[in-house]
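Heads up, the thing below is written out as structure tokens.
Read-outs throughout are calculated quantities, based only on the coordinates presented, and are distinct from any laboratory measurement. Everything numeric here is computed off the predicted structure, so don't read it as measured data. Cβ sites come from the backbone with ideal geometry, for glycine too, and all protein chains shown count toward neighbours.
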Amino acid sequence: MFDKAEDLSIEFVKLKDGKHALDFRVDETFFEELGSKEVHKADVSVAVEVDKNVNWMHVRLHMTGSMTVDCHRCLVPLPLAIDARYLLIVKLDCQEEAVADHEDEGVELIYLRSHEFKLSISQPVYESSLLALPMIRNCDELEIKPCDKAMIQKLETLNGSATDEVVDARWEKLKQLKNL
């Protein structure tokens, strides 16, 4: 079963002190709910380990699975594997700010007030999963390349025609100054 963004929460008041394991699964509707238009398909498993104490919790998130996004070169759907980890440190029954970021990458410090009874992990799962995708998304590293041949040819044609254009005379003058 795939969870909605609102379902990705931990009711920590029901948990006893100690370690607990929870599992969630999200798909493309989860990413759409939170505003991502680039994920076409997704099957991401979220393993959560909660280490609860009286005053704090460590919530370790491990996201694994695949997400299908557009290739940056030819726009064909491209399935990519993800593997991301994230740590939430939660201070319970606190009078501090509601949420504050920790300086370390991949770690977030959260303060919860005494009247709160559950912790939403939707945003960290969403952000960590998207950040686990490569910055440049293309099929260069795939064995079977699903490239759109017509799009690649069009790009090569457009790239070749750009070099055939007449060079602006001002650039020629600047090149002459450089050679002096």
### Query
Given R₀ = 35 Å, FRET efficiency for Lys91-Thr68 by Cβ-Cβ distance, to 0.05?
0.40
## Note on the structure
Against the 2.2 N^0.38 Å rule of thumb, the C-alpha Rg of the stretch 1-51 sits at a ratio of 1.32
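Measure up Lys41/Lys118; Lys91/Lys118; Lys4/Lys91; Lys14/Lys52 against 21 Å on the Cα-Cα distance and list the ones that go over.
Going by Cα-Cα distance, Lys41/Lys118; Lys4/Lys91 fall outside the 21 Å limit.
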### Task
Name the lysines eligible as straight-distance cross-link partners of Lys154: C-alpha to C-alpha under 22 Å, and not fewer than 8 places from it in the same chain.
Lys145
### Task
Name the residues whose placed amide hydrogens come within less than 5 Å of the amide hydrogen of Leu78, ignoring near sequence neighbours (fewer than 5 apart) on the same chain.
Val69, Asp70, Cys71
### Message
Could you tell me how many cubic angstrom of Cα convex hull volume the stretch 1-90 has per residue?
### Response
99
### Task
Could you line up Met151, Met135 from fewest to most neighbouring Cβ atoms inside 10 Å?
Met135, Met151
